[in-house]
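**Q** Have a look at this one before I ask anything.
The values are calculated or read from the model by the stated rules, or taken from the named source; none is laboratory data. Since this is a predicted model, take the numbers as computed values, not measurements. As a convention, Cβ positions derive from the backbone with ideal geometry for all residues, glycine included, and neighbour counts pool all protein chains shown.
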Amino acid sequence: MTQEPTTSPGSPDFDADVAIVGYGPAGVTAATYLGMQGVSVIVLEKDADLYSRARAVTVNDWTMRIFQDFGIDEIVKRDMDVARALTWKTYDGKVIFRLGFTDGGLGHAEYMIYQPDMEREIRRNAEQFDSIDLRLGHTFTGMTQDAGGVTITAQDTDGADYRFRVRNVLGTDGGSSSVRKELGFNMIGKTRPRRWLVIDGEITKWWPECNELVFWSDPERPVVDIPLAKGNHRWEIPLQEGETDADFDTEEKVWARLKMLGIDESNARLKGWAFYSHHLRHLEAWRGRHVTLIGDAAHLMPPWAGQGMQSAIRDAQNAAWKYALVAKGLVAEDILDTIQSERWQHVALMTEMTKQLGFLIEADDPKLIKLRNTLGPYVMHLPGLSKKMLPNTDTNRFEVGWVTGLPKKDNALGRMIPQPEVYATTGIIHRLDDLLGQGFFVLGLDTDPREAMTPEQVSGWERLGARLITVVASAAARSDADTIVDHTGTLRRWMTKYGAKIIVLRPDRFVAAADPTGLDVPPARGNLEFTAKHTSVFPKNLREFARSLRANLPV
């Protein structure tokens, strides 16, 4: 159901609450959430049509949980295939190691996708919201910020200049972001020198194990072999020394490279190819006054872990519910500073993991290759590595952001709650998020939260639209409070693990407050003044990787 826009287009002060520049996965995710909240949005997208080539290849349970919040998870799954495992192999058939995808507790599996189809469904869903003014084929050309908001200049599909005014801007316009350039922000980091040929095709005849996601490890020609959804396939192949993009300017030359892998015209049909460089770059600051940059506009990572697009989508979710609160006047604009502080911890973790996968795939030192291939089966014994590489609710957390208190290892703050199946009091079973709906929630374990909170705490959360719910076991006596039945005990075990009887969930299902650390509504900037120190469990290079493996071999 759509809501009335919070700002009427054409008002003397603002044409919309938020401008979103870029309508890729991050842009449409942010626009959808704001549209669901009735917040007025103007979206500028320079391309008139959806980009036709696949870029991202996978989505995991966290990303699917966001789509579930939009009510389209079952729709997008129709065009996806469940991902079973990831395998590292040598060309002689030796398995270096195999990583199976397991249940991370968020109510969804890991999926292989064909991005244009997935993105088309997300866009189609966003069309229902009247508060979204989507301007395809319109180009962002500049902006001026002042104390009250932002004046944006743009060009329409005919090249005519125009301008409009908004309170805040979200830059979701990718790695070559015009918004970032307009702000004068520069990324730090590096770009790997090796250039990669990325080939998209369609399977026409089955070949052995064509449904298996494989990293072929070889000093001369490492290849990433990816089964996309709906019979689509991708190969990522590095160019050799002395080769350039111009060496693969015809389909015949691209086929020559695939034929080295045993794939020819009898197996597949080519859909296109492109060339990419792998970036390890990020902004030191994502926000400039009334503008926030997210996704590739703020951070770039190599593709090995399939986390680039997904990180952008998660950024967008984090930003959008905060922009909605600001637009409705429910919190101060300072809350927007927490977008980067909350998201950076996970983005940095995924970037580091991606870099380590690159060490495994691109190794070209013969001695290190031999060591990797020998010790590879024990890679999952590296301390903490399996938890970082597999879907796991413990990695979906932050330490600095919009919470009451300080997130620590032994409390629930800044953690994403799992999603078990639960019963409504009508006796109908639901996934947790489907039963809860959207917004804020206060959950009390065997307790009506109103009885455990002060009147000021209750009114503070209800002002943000929170619903107060009692969580009970299936054997519990009937409660007159708003109740859900945790028949599997998953919520009970999770809350008990962190010593909580009362927790407050944000719209993104992260815990904002808990009774051991305080149940007040956080100040706008949360605990932003607290500086967390993060240490990575990942080795810095392949030699350190080898030393870690030796030190952690199973007895």
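**Q** Which of the residues belonging to segment 491-531 are among the aromatic types (Phe, Trp, Tyr) and not assigned by TED's automatic domain parsing to the domain that holds Val472?
**A** Within segment 491-531, Phe530 is the sole residue that qualifies.
**Q** Out of all the residues in segment 189-215, which are assigned to a strand (DSSP E or B), closer than 13 Å to Leu258 by Cβ and of a type outside the set (D, E, K, R)?
**A** Leu197, Val198, Ile199, Gly201, Ile203
**Q** Based on this model, can you work out whether Gly460 counts as small (Gly, Ala, Ser) and free of Cβ contacts under 8 Å to residues at least 60 places away in the same chain?
**A** It is false that Gly460 is small (Gly, Ala, Ser) and free of Cβ contacts under 8 Å to residues at least 60 places away in the same chain.
**Q** Looking at the structure I just gave you, is Asp315 more than 19 Å from the chain's Cα centre (by Cα) and part of a helix (DSSP H, G or I)?
**A** In short, no.
**Q** Is it true that Arg221 is of a type in the set (Lys, Arg) and under 30 Å from Glu265 (Cα atoms)?
**A** Answer is yes for this residue.
**Q** What is the number of the single condition among (1) crowded, with 19+ Cβ neighbours inside 10 Å; (2) not in a loop (DSSP other than H, G, I, E, B) that Phe185 does not meet?
**A** Failed condition: (2).
**Q** Looking at segment 249-303 only, could you name the residues that are assigned to a helix (DSSP H, G or I) and either within 30 Å of Glu182 (Cβ to Cβ) or of a type in the set (S, T, N, Q) (or both)?
**A** Across segment 249-303, the qualifying residues are Gly295, Asp296, Ala297.
**Q** A further question follows. If I filter segment 278-296 for residues that are hydroxyl-bearing (Ser, Thr, Tyr) and either closer than 23 Å to Leu239 by Cα or free of Cβ contacts under 8 Å to residues at least 60 places away in the same chain (or both), do I get at least one hit?
**A** no
**Q** Exactly one condition in (1) more than 27 Å from Asp334 (Cα to Cα); (2) modelled with pLDDT under 85 is false for Leu435; which is it?
**A** (2)
**Q** When segment 419-438 is examined, which residues are found to be in a loop (DSSP other than H, G, I, E, B) and closer than 20 Å to Trp321 by Cβ?
**A** Residues satisfying the conditions are Gln419, Gly437, Gln438.
**Q** Please enumerate the residues belonging to segment 319-355 that are surrounded by 20 or more Cβ atoms within 10 Å (Cβ to Cβ), touching a Ser or Thr at 6+ places or on another chain (Cβ under 9 Å) and small (Gly, Ala, Ser).
**A** Ala319, Ala320, Ala324, Ala327
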